[in-house]
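Engineer: This structure is in structure tokens; I'll ask about it shortly.
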Amino acid sequence: MSATIRQALTEIFGSDGVLTEGPDLDPYLVDHRKLYHGHALAVVLPRSVEEVSRVLKFCNDHAI
């Protein structure tokens, strides 16, 4: 399922709008104090209010 989600997000936002590789994700998964580390299948980089709306709809539709 994770590959399907990544593929769908990439189709919606383009390859430059979705980060899916470990080194690309790393800066987004650690808080500024470096105390908390998260996990994510992808990081979406919306470029407009419309894209924020689209990613929220996608997450809602897929219970993410």
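Matching residues to (1) more than 19 Å from Ile64 (Cβ to Cβ); (2) over 13 Å from the mean Cα position of the chain (by Cα):
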| site | (1), (2) |
| --- | --- |
| Asp16 | yes, no |
| Leu29 | no, no |
| His32 | yes, yes |
| Leu35 | yes, yes |
| His39 | no, no |
| Leu45 | no, no |
| Val49 | yes, yes |
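Engineer: I need a count of the residues in the range 32-51 that are touching a strand residue (DSSP E or B) at 6+ places or on another chain (Cβ under 9 Å) and closer than 14 Å to Ile12 by Cα.
Structural biologist: Result for the range 32-51: 5.
Engineer: Identify, from the list Leu56, Leu45, Leu35, the residue that is exposed (fewer than 10 other Cβ atoms within 10 Å of the Cβ) and either modelled with pLDDT of 95 or more or over 21 Å from Ala3 (Cβ atoms) (or both).
Structural biologist: Values: Leu56 fails: exposed (fewer than 10 other Cβ atoms within 10 Å of the Cβ); Leu45 fails: exposed (fewer than 10 other Cβ atoms within 10 Å of the Cβ).
Just a single option satisfies the conditions, and that option is Leu35.
The values are calculated or read from the model by the stated rules, or taken from the named source; none is laboratory data. Note that this is a predicted model, so its numbers are computed, not measured. Because the Cβ atoms are built from the backbone with ideal geometry, glycine has one as well, and the counts that use them run over all protein chains shown.
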